[in-house]
Amino acid sequence: MYSIAQVVENIVKHKPYLSESLAAGIINISALARQIQPEVQRTLAKTANVGAIVMALNRLIPYLQVREQGQLNKLLGNMGDLILRGNLCDYTFKNSPSLLKNHVRVLGEIAREEDVFYTMVHGVFETNLVVSDSVEKIVNDYFAREQCIFKQGGLSSVTLKLPKGNILQPGLYYCIMKELSWEGINLIEVVSSTNEFTVVVDNAFIDKALVVLKNIGRR
């Protein structure tokens with residue numbers, strides 16, 4: 001059996017941007033309580049008055065403020081350098097027995113080339129490549145017999161160097177993605193390693209994405 005407080009917390013947790021707005025104190029609590037009242041009552045299968053929901057929201061706000069202003073903000077304020085790359089092409093291939101062999105062949109071809117961007121993510125059913133368009137012909141040749149599910153050129157990427165300890169901090173990627181989403185930036189691909197986070201976007205969005213990532217943690 002859920003309590004009103006538990007239901008309210010779950011609603012806030014699953015509505016994008018709501019927790020941040022509550023923590024910032026920019027939401028009318030009574031209006032929000034009236035808005036979510038039907039959902040609270042459906043979950044509880046009983047009546048829940050607005051006053052009780054308001055009380056649950058007010059008790060939740062200090063927790064949200066501590067969470068928003070804690071270690072996460074420290075990490076966001078210590079982001080590293082940004083690396084910008086342009087002239088990229090994005091491929092998605094259906095996985096096959098020969099796909100990895102062709103990948104190795106491509107790497108052998110470009111091993112001596114400087115300043116080439118090449119990332120590969122091998123998924124369960126498909127494999128994604130993001131490469132400099134200078135090696136597009138090489139990829140096309142070696143993967144000619146593979147099933148290409150998706151291809152798009154005219155892309156750029158921004159790589160953000162993450163601070164030490166980032167893998168231990170819940171919500172770090174969410175905060176980065178939230179900032180990009182707020183600005184209406186559509187992400188073509190996201191590539192991450194332990195200490196790097198790369199977003200691939202259409203060239204039309206690269207200037208805006210660069211500004212957003214540069215200002216992460218400064219607001």
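The values are calculated or read from the model by the stated rules, or taken from the named source; none is laboratory data. As the structure is a prediction and not an experimental result, all values here were calculated from the model. So basically every Cβ, Gly included, is an ideal-geometry build from the backbone, and we count neighbours across all protein chains shown.
A few points about this structure:
- Evaluating Tyr142 against the criteria (1) surrounded by 15 or more Cβ atoms within 10 Å (Cβ to Cβ); (2) among the aromatic types (Phe, Trp, Tyr); (3) within 27 Å of the chain's Cα centre (by Cα); (4) farther than 13 Å from Ser156 by Cα leaves one unmet condition, (3).
- Pairing residues of segment 102-122 that are touching a residue at least 40 places away in the same chain (Cβ under 8 Å) and over 21 Å from Gly154 (Cα atoms) with residues that are surrounded by 14 or more Cβ atoms within 10 Å (Cβ to Cβ) and of a type outside the set (Val, Ile, Thr), at Cβ distances under 6 Å and at least 6 apart in sequence or on separate chains, gives Asn102/Tyr142; Asn102/Phe143.
- Selected residue (only one of Phe205, Phe197 is surrounded by 12 or more Cβ atoms within 10 Å (Cβ to Cβ), under 28 Å from Ser21 (Cβ atoms), outside the structural domain of Tyr17 (by TED's automatic domain parsing) and over 14 Å from the mean Cα position of the chain (by Cα)): Phe205
- Residue check, Glu68 assigned to a helix (DSSP H, G or I), under 27 Å from the mean Cα position of the chain (by Cα), crowded, with 16+ Cβ neighbours inside 10 Å and modelled with pLDDT of 75 or more: no
- Filtered by the rule that a residue be assigned to a loop (DSSP other than H, G, I, E, B), surrounded by 10 or more Cβ atoms within 10 Å (Cβ to Cβ) and under 30 Å from the mean Cα position of the chain (by Cα), segment 14-55 gives Lys15, Pro16, Tyr17, Ile27.
- Any pair with Cβ under 6 angstrom, 6 or more apart, that starts in segment 57-85 at a residue that is among the polar types (S, T, N, Q) and ends at one that is modelled with pLDDT under 65 and assigned to a loop (DSSP other than H, G, I, E, B): none
- For segment 139-149, the condition of being farther than 30 Å from Tyr17 by Cβ and touching a residue at least 60 places away in the same chain (Cβ under 8 Å) holds for none of the residues.
- Just one of the listed residues (Val131, Val212, Val190) is farther than 17 Å from Leu88 by Cα and out of contact with any Ser or Thr (no Cβ under 6 Å at 6 or more places or on another chain), and it is Val212.
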